[in-house]
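Please treat every number below as a calculation from the coordinates, not as lab data. Computed from a prediction, not measured in an experiment: that's the story for all the values here. Cβ placement follows ideal geometry from the backbone for every residue including glycine, while neighbour counts extend to all protein chains displayed.
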Amino acid sequence: MDLKYIFDHVFLPPKLPQEDDSDFSKGLSLVRELEAALRSSQGYLPVHQHSDWLHCIKMISNMLETRDDDCEDLIPQALEKSLKSMLDGGKYPSQL
């Protein structure tokens, strides 16, 4: 992954980019890195905070599952499945 891309998109850059630097594959890699960081960080939290952390992990995981890795399109069936699996309050059936 391009370290400059991470700094430009995660941390506040010293100045705004002068041109569009969006890149779907780099953005996808950034989201995957975020998911991995969330999963590994969960182990350092007190047990009573794990369920809260799961909401963040599930949100990022759903975002990845609803995207086609080969293009920038959403996968309609995956998006529908993800939306149907949610209940009021943002909880998933497996967390009840």
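The slack in the chain from SER25 to ASP68, taken as 0.36 nm per residue of separation less the alpha-carbon distance, amounts to 14.4 nm. Positive contributions from Lys and Arg (+1) and negative ones from Asp and Glu (-1), summed over other residues with Cβ under 11 Å from the Cβ of GLU35, come out at +1.
Projecting the Cα atoms of LEU74, GLN49, ALA36 onto the charge dipole of region 29-89 (Cβ charges, centred on the Cα centre) puts GLN49 farthest toward the positive pole.
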